[in-house]
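So the structure is just underneath, and the comments pick up after that.
Nothing in this text is a laboratory measurement; each read-out follows from the coordinates by a stated rule. For clarity, every value in this text was computed on a predicted model and none was experimentally measured. With ideal geometry, Cβ positions are generated from the backbone for all residues, glycine too; neighbour counts draw on all protein chains shown.
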Amino acid sequence: MSKFHSVVSRRDFMKGLGLAGAGLGAAAATTPVFHDLDEVLSSPYSNVSRPWWVKEVDEPTVEIDWSIMSRYDRALNAQNSDIEDYYYGQQMIDARNNEDAVEAAKLAAEEPGYTRKTNAMHQGWRRGSRAAMDPGLSWEGPTKISHEPMATAKWQGTPEENSKMLRSVMRIYGAAWAGFEEVNQRMRDKLIIKNPTARYGWKFVYEDVDQGYIKPNGDRVLPNKQMYAFVAGANEALFNIKTAPSIFSAGNNFGNFFTASVYAGTFQFLRHMGYQMLSDWGHQTAPVNEGGAAVLTGIAEQSRQNLYVLTPEAGTRINMQTAFTDMPLAPTHPIDAGMWKFCQTCAKCADTCPGGWISFEKEPTYDPDPANGKVTANVTHAIGPKAYWLDAAGCRMQRKLFGGSCHVCYAECTFNESRDAMIHNLVKATVATTPIFNGFMANMSAAFGYGQRDKEAWWDESLPIFGIESEIFARYK
Amino acid sequence: MWFIIALLVGAGVTGLAMWMRSSGMNTKWYDWVIGIVGILLLLFTIQNFFGSGLEGEAEAGRMFLLVTGIPSLILLGISGQFLWRHSHAES
């Protein structure tokens, strides 16, 4: 029988042991050591984790001229029909008048994305599941559920501990992302909007009070004392976005369910902790322009498309809302994942926009492009960021022409992909590290067929619960 | 699946190395570089092909076979060709 012997000498063996021990010691020296749970809570390592290629920065990647920014009047945005008509006149009126008929025709013909079973699923979701998750949104809290008693003793934690705690709570309730900011004078003077869209008829005002409230005339009062803002982002489903345009392709179709859950749950949680929460939490009644809030709190970066923002984890697929509280929170910082830079080369959203409403400009500007020859600065657009500017009224008209649903740009964004194939994270990491391959990556997104898909294919696929790939977010805090 | 692939790749490379050693084959450094790049590209192709299938992106899966799969096979073929030439040159 052969005898086998090691070719490693005793000297080399002992040398190897020593090196391994030194390596373990070095690793231990660099690893955080916690003595108790309080230290765990306050450790920066326990607060936020994003994909490794996402960098935290002091200023957002989109340049902002704060000197020209002022509180926005949302009664002037393109979601007001008089503003829509101002820009496109009879063309818009005709599109609006025909919108229902266009949708009805598609449903009658059972076009892909408008088949009977797809419509039934959509109506069941909207008027069933989503309707069931409707706590009644109001500045002073949910109107359809009883408010928990406000605790007399306020929870005492450091802002960092509170942010970590609130982030965890919001995650459980349905927020994939959470961002925090102090309500400082800049936010009060420039970011909190004056009023929602015109049909509501009230304003956001500030008073020297301890608790925010709704005035008899409907005005929402935000206390002048130190307040904090938190932004909740719920993941949107990818399967429906990729059916654009279809009856259920709206980018905020599924995330609304979770933002409603976050609204009601967080409200009650904060009351248990002795703190208030103020927000109407609505699409048109949100107290700040949500995209801006997401960018400033590090949830996302600006996009070329200009209406949606881009998250590193899931691209356009975010439904955001902002609320205020007096629980001290540590601010989160803007991020740089190379996405805004990538937008400057990509323009896939602009290429695929059915009406050409998205800017093809090479360079962003502070001055919004006109729409149909008319000024949009501080009308449909709040000036301040150096951006690419969407023809927002034209975009609204396009939706009507399609029967109430477009969202092609949401489907086509290169950053949407993120689930199983490793290429997506490789592309995102490369884009975040160097821009030299941006053009190539943008071309490959189209060449590989990412974007809009067969509108009925999802019926034959295995889907995550609620259509939301929450497993992506389980990896991050 | 990846566990099995790792076992197969590990066994294959080990077997190849043992066979080359026992036959006294001389290799150049670039034989290994080309071969390893070919294997990595093939594994990359497999992962993205099946991943794209799970995502419902069949077209993307096919493009991976074309864009990275074929080059991986070419590289592995070149590496194999070099090995064959070395073994025949020595004999």
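Quick one: Cα centre-to-centre distance for the stretch A:253-320 and the stretch A:397-465, in angstrom?
22
Skipping prolines and chain starts, which residues have an amide H placed within reach, meaning under 5 Å, of the one on A:LYS55, given they are 5 or more residues away or on another chain?
It is A:ASP336, A:ALA337, by chain and number.
About the Cα centre of the stretch A:183-224, what is the dipole size in debye to 20, counting +1 per Lys and Arg Cβ and -1 per Asp and Glu Cβ, all else neutral?
On the way: 8 positive and 5 negative charges, 61 e Å.
Its charge dipole is roughly 300 debye.
Run the paramagnetic zone check for A:ASN378: 7 angstrom along Cα to Cβ, then residues of the stretch A:189-219 with backbone nitrogen under 19 Å.
Of the residues in the stretch A:189-219, A:189-198, A:204 have backbone N under 19 Å from the label point off A:ASN378.
What do you get for the angle between helix B:70-90 and the principal long axis of chain B? Use alpha-carbon atoms, 0 to 90 degrees, nearest ten.
Approximately 10 degrees, to the nearest ten.
What is the order of A:CYS395, A:CYS406, A:CYS343, fewest Cβ neighbours within 10 Å to most? List each step's numbers first, then the result.
Working: A:CYS395 22, A:CYS406 26, A:CYS343 29.
The order, fewest Cβ neighbours first, is A:CYS395, A:CYS406, A:CYS343.
What chymotrypsin sites (Phe, Trp or Tyr not before Pro) in the stretch A:107-181 are in a loop by DSSP, with at most 16 other Cβ atoms within 10 Å of the Cβ?
Those satisfying the criteria are A:TRP155.
Can you give the mean number of other chain Cβ atoms that lie within 10 Å of the Cβ atoms in peptide B:45-56?
Partner-chain Cβ atoms within 10 Å, mean over residues of B:45-56: 5.
Quick one: A:HIS122, B:HIS86, fewest Cβ neighbours within 10 Å first, how do they rank? Write out the running numbers ahead of the final one.
Numbers: A:HIS122 20, B:HIS86 16.
Lowest to highest Cβ neighbour count: B:HIS86, A:HIS122.
Once every DSSP H run of n ≥ 4 in the protein assembly as shown is given -39500 (n - 2.57) and the sum is divided by its residues, what mean residue ellipticity at 222 nm do you get, rounded to the nearest 500 deg cm²/dmol? Numbers along the way, then the final one.
Numbers: 18 runs with 233 residues, N = 568.
Roughly -13000 deg cm²/dmol at 222 nm, from the helical runs in the protein assembly as shown.
From the square roots a ≥ b ≥ c of the eigenvalues of the alpha-carbon gyration tensor of the stretch A:319-360, which class results: rounded (a/c under 1.5), prolate (a/b over b/c), or oblate?
Details: a/c = 5.56, a/b = 2.12, b/c = 2.63.
Judged from the Cα gyration tensor, the stretch A:319-360 comes out oblate (a/c at least 1.5, b/c at or above a/b).
Which of rounded, prolate or oblate describes the stretch A:222-298 when judged by the alpha-carbon gyration tensor and an a/c cut-off of 1.5? It would help to have the intermediate numbers written out before the result.
On the way: a/c = 2.74, a/b = 1.92, b/c = 1.43.
Prolate.
How would you rank A:HIS333, B:HIS88, going from fewest to most other Cβ atoms within 10 Å of each one's own Cβ?
Sorted ascending by nearby Cβ count, the order is B:HIS88, A:HIS333.
Once chain B is represented by equal point scatterers at the alpha-carbon sites, with solvent omitted, what log10 I(q)/I(0) does the Debye formula produce at q = 0.15, 0.19, 0.21 Å⁻¹?
Per q value, in the given order, log10 I(q)/I(0) is -0.65, -0.90, -1.02.
Among all cysteines in chain A, which have no other cysteine Cβ under 4.7 Å from their own Cβ?
When partners are defined as cysteine Cβ atoms under 4.7 Å apart, chain A leaves A:CYS343, A:CYS346, A:CYS353, A:CYS395, A:CYS406, A:CYS413 without one.
Other chains near A:449-462: what is the mean number of their Cβ atoms within 10 Å of each residue's Cβ? Please report the intermediate quantities before stating the final value.
Values: counts 8, 6, 1, 0, 4, 2, 0, 0, 2, 1, 0, 1, 3, 2.
That average works out to 2.
Tell me, how many Å apart are the Cα centres for the stretch B:9-41 and for the stretch A:110-129?
If we compute the Cα centre of each part, the gap is 56 Å.
Between A:HIS283 and A:TYR213, what FRET efficiency comes out of the Förster formula 1/(1 + (r/R0)^6) with R0 = 25 Å and r the beta carbon distance, rounded to 0.05?
Using R0 = 25 Å, I get an efficiency of 0.65.
Any idea what diffusion coefficient the protein assembly as shown gets from Stokes-Einstein, in µm²/s, Kirkwood Rh on alpha carbon pairs, 20 °C, 1.002 mPa s?
80
Which helices pass in chain A if a helix is a full DSSP H run, must span at least 24 angstrom along its long axis by Cα, and must have mean Kyte-Doolittle hydropathy not below -1.0?
Details: long enough: A:10-30 (30 Å, 0.37); A:81-108 (33 Å, -0.86); A:255-272 (25 Å, 0.21).
In chain A, the long hydrophobic H runs are A:10-30, A:81-108, A:255-272.
Output the pairs from A:LYS242/A:LYS341; A:LYS341/A:LYS400; A:LYS55/A:LYS164; A:LYS203/A:LYS348; A:LYS386/A:LYS428; A:LYS144/A:LYS242 with a Cα-Cα distance over 27 Å in this structure; if there are none, say none. Kindly include the intermediate steps, with their values, before the conclusion.
On the way: A:LYS242/A:LYS341 24 Å; A:LYS341/A:LYS400 32 Å; A:LYS55/A:LYS164 19 Å; A:LYS203/A:LYS348 38 Å; A:LYS386/A:LYS428 23 Å; A:LYS144/A:LYS242 34 Å.
Table pairs above 27 Å Cα-Cα are A:LYS341/A:LYS400; A:LYS203/A:LYS348; A:LYS144/A:LYS242.
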